[in-house]
Amino acid sequence: MRDLLQYVNECTNELDLIGINYTLPKRWESSKRLTWKYGYCKISLFRNKPTIEKIVISERLLDERIPEHILKDTIIHELIHTCDGCYDHGSKFQSIARQINNAYGYLIETRVNDADHKIVSSIYKPKERKYKISCPTCGKTWGYKIKSKAYKYPEKFICTKCKSKLVRVS
Ligand SMILES: [Zn+2]
Ligand SMILES: [Zn+2]
């Protein structure tokens, strides 16, 4: 497992070198549950003064099997959100992203690019629904990732369509 703060350090050094005016969050976190996107930046507003509460990065990106550039792109993407006027993906955000991309050959975009998404989802495949039951009459099937109650005792369940008793398939 990669050390998030070590990569944060690398990224901030690079941004410092080209004079990007980001703000560090109060804390960095990695999250196991964050799978629907790779990172986010939580900013709170108090009397119109923004505070960067935290930046959260998906723990998947700390996996050594994921190319480093996806992790660094994500860290930098979230750091751009801490720059003045970059809370959204508007023209200010895009111009800073361009500046960083030009300097270091990154591919920071407003959203995850398809090639990167393919790499990550090929490593983190969704769990297969390998426990299947079906209706012997109409053929409707149901799949489960675990040995559910319906999988263990299919005869206790009836088809929602034709009311037949169900059977185990695999
Ligand atoms: Zn963003
Ligand atoms: Zn049926």
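Descriptive notes on the structure:
- Close Cβ contacts (under 8 Å, 6 or more residues apart or on different chains) running from residues in region 13-28 that are more than 17 Å from I57 (Cβ to Cβ) to residues that are loosely packed, with under 12 Cβ neighbours inside 10 Å comprise N21/D84.
Rundown of residues vs (1) more than 16 Å from ligand 2 (Cβ to nearest atom); (2) in contact (Cβ under 8 Å) with a residue 12 or more places away in the chain; (3) more than 30 Å from L62 (Cβ to Cβ); (4) not in a strand (DSSP E or B), yes/no style:
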{"residue": "E128", "(1), (2), (3), (4)": "yes, yes, no, yes"}
{"residue": "G143", "(1), (2), (3), (4)": "no, yes, yes, no"}
{"residue": "Y151", "(1), (2), (3), (4)": "yes, yes, yes, yes"}
{"residue": "E155", "(1), (2), (3), (4)": "no, yes, yes, yes"}
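- For I108, the stated conditions do not hold, so it cannot be described as buried (at least 18 other Cβ atoms within 10 Å of the Cβ), part of a helix (DSSP H, G or I), in contact with a helix residue (DSSP H, G or I) (Cβ under 9 Å, 6 or more places away or on another chain) and not assigned by TED's automatic domain parsing to the domain that holds G143.
- Residues located in region 150-159, provided they are within 37 Å of the chain's Cα centre (by Cα) and under 9 Å from C135 (Cα atoms): C159
- Inter-residue pairs, beta-carbon under 7 Å, first at pLDDT 95 or above and in region 34-56, second of a type in the set (D, E) and in a strand (DSSP E or B), 6+ apart: K42/E53; K54/E29; V56/E29
- Just one of the listed residues (K147, K118) is within 32 Å of the chain's Cα centre (by Cα), within 30 Å of I18 (Cβ to Cβ) and more than 16 Å from ligand 1 (Cβ to nearest atom), namely K118.
- Test: residue in region 88-104 that is in a loop (DSSP other than H, G, I, E, B), over 18 Å from the mean Cα position of the chain (by Cα) and modelled with pLDDT of 95 or more: yes
The values are calculated or read from the model by the stated rules, or taken from the named source; none is laboratory data. Model, not experiment: these values are computed from the prediction. Don't worry about glycine lacking a Cβ; one is built from the backbone with ideal geometry, like all the others, and counts go over all protein chains shown.
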